[in-house]
Amino acid sequence: MEFTDKGTVQKRIMICMDWYEPGFKAGGPIRSVANIVNELKDEFEFYVLTSAFDLGETEPYENIELDQWFDKDGVMIKYMSRQNMKPSAIKGNILEINPDVLYLNSLFSKLYTLVPMTLVKKIPIIIAPRGMLGAGALEIKKTKKKLFLKFTQLLGFYKRVTWHASTEEEVKEIKAAYGQNADIIIAQNIPTAQQLRLEDIIEKRRTGVRRFIFVSRIAKKKNLHLAIQAMQYVKSDKPVEFIIYGNIEDKDYFKRISGQIQSRGNITMEYRGPLNPALVPATFLYADFFILPTKHENYGHAIVESWANGCPVIVSKHTPWKNLRVRNLGWDVDISDLKYLVEAIQEAIDLDADEYLAMVRESYNFFKDEISDVQIIEANRKLFNDAC
């Protein structure tokens, strides 16, 4: 395919990232970018350069053509084969597209961030760190990440980039790593559209069972083991289910904790594998509470999706979402002591029907009235316009 010279109508944005739709196993970062692209594709020319493989997979996606640009619903995408994933190919694709802006959806990706940063000098660059500079995230592979940050700070490696921060908290994290003069634009992630009706949600929740779900990548950062351990301490006269969905990103971690996924008494625990994004609304439709005792989230797509589907949450304090119990949206819990997580889950189990349904309505309306906001879309539009 040949690309014509850029006109004056639309700005050309090239996105480089390790995984993109139809992939889903890498979690929120895929949804973050896909939601931006789908919302703004009529205003900008988007080109997505990505791998042909989902996270941890050895076979490419079905029904795609490798190493060829093609138009998918108004967005140009190229899925790269293993043989073609090399620096020269990355540079060649960038020069071929000649974008107005490069958008890099990671801080640490060797091929899709560090290579473009090294080889391309004259194109404006936006980097979305996606929470990778949060304290909890930096604790994982701590020594390696500390050396990387020190090295890039000394070299001024990211000095010329514009940073995409999802929250005010992420602004602080970026400045702590790369200085007070870092060029940062705040644009909250664009959420997935609400698909279910509140009336249908309320009808499906009248089951007599307290159903908790975990929907996230299974890795140390997400602290699934804390939720499993807390479930072992709660008490209930009625049935309680804890259903776990997620791609096993850290196999050693899952092996260590899988033996604890055991039912006892009225408490049933079960792992059901990865959850395809297309099934998220139907899964939340029958869930009473969402649990994510994470070490860090700069946004938390699964949290927001939970509210979109009228499902209150039990999360750690290490997310942007605060004072949840006061706002009747769930609980944000201090996870330094397991007892606080146990107390939140126990309170959720013990809520009477009216208290619970009030929380469902508040969660659904919070998403509709405050999260799904035209100002969020405008902030993302401004992100690309200002960087050009």
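The values are calculated or read from the model by the stated rules, or taken from the named source; none is laboratory data. Given the structure is predicted, the values throughout are model-derived calculations rather than measurements. When we count neighbours, we look across all protein chains shown, and the Cβ atoms used for this are built from the backbone with ideal geometry, even at glycine.
A few points about this structure:
- Region 65-79, residues that are closer than 23 Å to E249 by Cβ and at pLDDT below 95: none
- Filter pass, D373 being within 18 Å of E168 (Cβ to Cβ) and modelled with pLDDT of 95 or more: no
- Restricting region 20-45 to residues that are within 13 Å of the chain's Cα centre (by Cα) and among the aromatic types (F, W, Y) leaves a set whose member that is farthest from G74 (Cα to Cα) is F24.
- Qualifying residues in region 77-95 (those that are surrounded by 14 or more Cβ atoms within 10 Å (Cβ to Cβ) and touching an Asp or Glu at 6+ places or on another chain (Cβ under 9 Å)) - the one farthest from E57 (Cα to Cα): A89
- Tally of residues being in contact with an Asp or Glu (Cβ under 6 Å, 6 or more places away or on another chain), of a type in the set (G, A, S) and more than 30 Å from I261 (Cβ to Cβ) across region 178-233: 0
- The single condition among (1) in contact with a helix residue (DSSP H, G or I) (Cβ under 7 Å, 6 or more places away or on another chain); (2) under 21 Å from R217 (Cα atoms); (3) free of Cβ contacts under 8 Å to residues at least 60 places away in the same chain that N328 does not meet is (2).
- Filter result for K110 (modelled with pLDDT of 90 or more, at negative phi and in contact with a Leu (Cβ under 7 Å, 6 or more places away or on another chain)): no
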